[in-house]
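For reference, the structure discussed in these notes is given below.
Every number in this text was worked out from the coordinates using simple rules, so none of it is lab data. Quantities reported herein were computed from a predicted structural model and do not represent experimental measurements. So basically every Cβ, Gly included, is an ideal-geometry build from the backbone, and we count neighbours across all protein chains shown.
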Amino acid sequence: MRKDSANTNELKLGVAGFGRIGKLTVWHHVARKYFKEIVVNIGRASGTSLQDIAHYAERDSTYGRLHAFLYGHAARPVISDLDEMAGTMMMDGTQVKFLRSDRLPCDIGWRGENVRLVVDTTGQFLDPTLPAEHPNGSARGHLDAGADKVILSAPFKIADKITGMPEDAVTTVMGINANDYDPRRHRIISNASCTTTCLAHMVKPLLNAFGPKRILSASMATIHAATGSQAVLDKLPKKGKTDLRKNRSIMNNIILTTTGAASALRLVIPEMEQIGFIAESVRIPTASGSLIILVVNLQEELSKEPIRRDFINDIYRQTAENDPNGYLHYTDNQNVSVDIIGIPRAAAIIEGHETHRRTAEVTIDLERVPELDASVVASLKKTIIRVPVTQAVIYGWYDNEMGSYVNMLGDRTVSIAEEM
């Protein structure tokens with residue numbers, strides 16, 4: 001875990017929500033020592049006392065104990081000085097305060113706590129077009145409540161497609177389009193998703209190497225660990241829900257579902273608008289550690305060497321070696337999902353051992369090509385042509401919780417704080 005100089009910023013960090021991403025975000029910043037104080041809005045009473053919140057904050061079923069995460073297994077507990085009335089505790093020298101009354105962003109006491117930067121990890125308030133006072137809550141409510149900037153730990157979901165993206169909202173992935181964030185204009189920033197983050201770092205090197213015109217089509221499937229939206233045991237769906245599979249037990253099933261990674265990818269890599277792209281998702285019964293299987297169809301150039309497996313791996317190997325942030329990793333090792341849990345800032349870990357490619361000729365009947373002038377076709381001696389196309393399959397691992405996503409969310413948070 002990267003540690004900045006102790007308490008280098010006088011800003012307080014606000015964290016809305018204390019679920020998987022919320023708790024691990026607190027762990028990240030307690031380790032990082034960038035913010036002098038963290039204020040966490042839980043929005044309700046939890047357990048019987050602040051001690052129960054500390055019990056939850058200290059332990060994690062995937063990553064172990066907080067003190068072991070920070071200093072190794074010989075370390076002693078680092079949570080102390082609990083003050084029930086004030087709602088505060090010390091976590092390894094960083095004061096963390098818990099707010100336990102208001103759930104809607106517009107009602108949270110950020111102004112009274114002098115919090116100007118908020119990371120919303122609830123996954124609930126994803127439409128940046130909704131007004132602050134919307135009865136179901138809105139990300140803009142954080143701004144009305146005193147924050148200057150809000151970072152969402154999920155992709156935007158705009159209900160009214162005609163409205164479009166507001167001028168003060170932007171989606172960024174660190175290492176891909178982080179500079180699209182304009183501190184003078186943007187107040188609501190989506191950090192996309194764990195899947196989009198991995199996918200962007202898998203796709204960008206290929207675009208740099210081949211350009212969008214040579215990538216004829218692409219598809220991906222994420223084999224994704226379970227999330228909090230899924231049921232532990234089978235249950236009835238809520239009113240209006242159409243996806244009946246998420247109500248089936250994640251402990252016992254492989255579950256087909258959907259992903260918004262394709263839409264979010266176009267926001268952070270606009271060149272993808274030129275490429276036909278499909279994204280699918282499968283949920284599996286593991287706690288963390290996910291995998292993207294990326295399939296791309298590349299047009300061969302007759303004047304150049306055929307696209308070989310080693311050439312594709314070299315693209316990723318060289319990109320990883322030259323990545324100043326270290327977000328892209330490349331390995332020739334043979335991994336399983338648990339091996340990649342917790343690897344810091346690994347947006348994508350390309351497993352070169354499993355890269356595959358195959359070249360074949362695609363037959364095209366020019367008489368059936370839309371918008372091709374009939375007179376041009378008639379002048380040709382042959383209307384059937386064969387085009388060499390290489391299909392490549394690339395595997396990219398990512399820790400969908402701490403290792404990849406939360407650490408990169410932390411980088412996004414600090415980079416925004418430094419310009420406030």
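Below, the figures for the structure above:
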| quantity | calculated |
| --- | --- |
| Within-15-Å neighbourhood charge of GLU305 [Cβ basis; K, R +1; D, E -1] | +1 |
| D_trans [Stokes-Einstein, Kirkwood Rh over alpha-carbon pairs] for the stretch 24-63, 4 °C, 1.567 mPa s, µm² s⁻¹ | 112 µm²/s |
| q = 0.10 Å⁻¹: log10 I(q)/I(0) that the Debye formula gives for the chain, counting C-alpha atoms only | -0.74 |
| Ranked list, fewest to most other Cβ atoms within 10 Å of each Cβ, for LEU66, LEU372, LEU152 | LEU372, LEU66, LEU152 |
| Cut-off 12 Å between beta-carbons: net charge of the residues surrounding THR227, Lys and Arg +1, Asp and Glu -1 | +2 |
| DSSP loop trypsin sites (Lys or Arg not before Pro) with at most 11 other Cβ within 10 Å excluded, longest remaining stretch of the chain | 45-160 |
| Cα-based Lys proximity count in the stretch 195-402, under 27 Å, for pairs eight or more positions apart or on separate chains | 9 |
| Candidate lysines - alpha carbon under 18 Å from LYS161, same-chain residues fewer than 8 apart omitted | none |
| The stretch 195-402: radius of gyration over Cα atoms, expressed as a fraction of 2.2 N^0.38 Å | 1.21 |
| Coil-residue GluC sites (Glu not before Pro) of the stretch 355-400, DSSP, other Cβ within 10 Å capped at 11 | GLU371 |
| As computed over the stretch 112-160, the Cα convex hull volume per residue (Å³) | 74 Å³ |
